[in-house]
Amino acid sequence: MPRPLKVGLQLPEVEYAVRWPELRSMAQLAEDIGLDSIWVGDHYLYREAGRTRGPWEAWTQLAAIAAVTSRVEIGPLVAATAFHQPAVLAKFANTVEEISGGRLILGLGAGWNESEFAAFGFPFDQRVSRFEEAFTIIRTLLREGRIDFDGRFYQLRDCELLPRGPRPGGPPLMIGSNGPRMLRITMPHVQAWNAWFWWYGNRATGLAEQQLLVDTACADVGRDPATIERTVAAFVRLPGAQGQRDFDRAYSPPIEGSAGQVAEELRALAHAGISHVQLVIDPITPAGVEALAPVLAALDAG
């Protein structure tokens, strides 16, 4: 019986200071146990409740992960277009697409964490308008290979993306947003939509309202909503949990229990129309990744 939905894993971000050898080990272990994808967050700095934490840079990680894996899809969950000049971000994506042999899923968003915008000098105002221009540049370069652009925020003259990556149309695009304007901007062009688990309560029963936002945006722009792949992140608490994501419990109860019970919750997401889930797990350690193996076995068994 085929797996009812793809299952991916988000690697550690700020749960603890994880070094590259452990990240590499987790990425390779995720591939070995049969996961379908590996994801990294795209953030620079978190300042919350008097605590400051910083992740490793996303695109450098993705290039390294692409080089040490061979099968899994990879992607940012999701890349903030504000963090790079958009033509340069397209160049990053095109390069990771090449290194991975065509395994990149390009998740995009406008960014939300104002403290890191201020710390690193990125403008936080007019984020959706800035995103709209950046999105046009990124998708045009990846799809067509060149662009001239004269906008309010970005100007490009005879910009070309060379050499081209392994897929003629570039990697699939995924939008990580539930904002009506963001959805209207992206629905004519993206292949997939992603919801963070806070938005839908981490249960399939909470998805209808979020999916309606996508359907409405599709109707507004004349897109068949059935052509948009629906994906979500899900928070899973496994045996040996270390409280690494306890801050998330205030927003959404984790999926937990036996391997069969966790698999049943993932199966419910599939029944609700979700085709790809990115697991955010506690503990996010090699042992935590190994603990997903029986979940996958139960999911595959039907």
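The values are calculated or read from the model by the stated rules, or taken from the named source; none is laboratory data. Treat the numbers as computed from the prediction; the structure is a model and nothing was measured. Ideal geometry is used to build each Cβ from the backbone, glycine not excepted, and the neighbour counts take in all protein chains shown. Surface accessibility is based on the protein's heavy atoms, side chains included, excluding ligands, DNA and RNA. Shrake-Rupley method; radii C 1.70, N 1.55, O 1.52, S 1.80 Å.
Three principal axis extents of segment 87-203 based on alpha-carbon atoms, in descending order, are 41, 35, 28 Å. Exposure here means at most 16 other Cβ atoms within 10 Å; with trypsin sites (Lys or Arg not before Pro) in a DSSP loop as sites, the longest stretch of the chain lacking them is 204-302. Extension gain, PHE120 to TYR154, is 10.4 nm, computed as 0.36 nm per intervening residue step minus the present C-alpha separation.
The distance from the alpha carbon centre of segment 148-193 to that of segment 15-91 is 20 Å, rounded to a whole number. Could you list log10 I(q)/I(0) for segment 1-51 at q = 0.13, 0.16, 0.26, 0.29 Å⁻¹, which the Debye formula gives when each Cα is one point scatterer? Ignoring solvent entirely, the Cα scatterers give -0.42, -0.58, -1.05, -1.18. Once segment 149-218 is represented by equal point scatterers at the alpha-carbon sites, with solvent omitted, what log10 I(q)/I(0) does the Debye formula produce at q = 0.15 Å⁻¹? Debye intensities relative to I(0), on a log10 scale: -0.68. By definition, a body whose alpha carbon gyration tensor gives a ≥ b ≥ c is prolate when a/c is 1.5 or more and a/b is larger than b/c, and segment 215-294 fits this prolate description. Distance between the 7 Å Cα→Cβ label points at TRP20 and GLN261: 4.1 nm. Sorted from greatest to least, the principal axis extents spanned by the alpha carbons of the chain come out as 56, 42, 41 Å.
Rank these residues by their accessible area, most exposed first, probe 1.4 Å: TYR200, TYR154, TYR16. If you can, show how the numbers build up before the last one.
Values: TYR200 10, TYR154 35, TYR16 60 Å².
Most to least solvent-accessible, the answer reads TYR16, TYR154, TYR200.
The smallest convex shape that holds all Cα atoms of segment 20-170, its convex hull, gives 111 Å³ per residue. Would you mind estimating how fast segment 167-269 diffuses translationally, via Stokes-Einstein at 4 °C and 1.567 mPa s with the Kirkwood radius over Cα pairs, in µm²/s? In µm²/s, the coefficient is 86.
Share of antiparallel DSSP beta bridges in the chain, in percent to the nearest 5? Can you show the working numbers first?
Numbers: 7 of 40 bridges.
Counting DSSP beta bridges with both partners in the chain, the antiparallel share is about 20 percent.
Sorted from greatest to least, the principal axis extents spanned by the alpha carbons of segment 86-153 come out as 35, 26, 15 Å. Which log10 I(q)/I(0) values, to two decimals, does segment 34-101 give at q = 0.23, 0.25 Å⁻¹ under the Debye formula with one point per Cα? Taking Cα atoms of segment 34-101 as identical point scatterers yields -1.01, -1.12.
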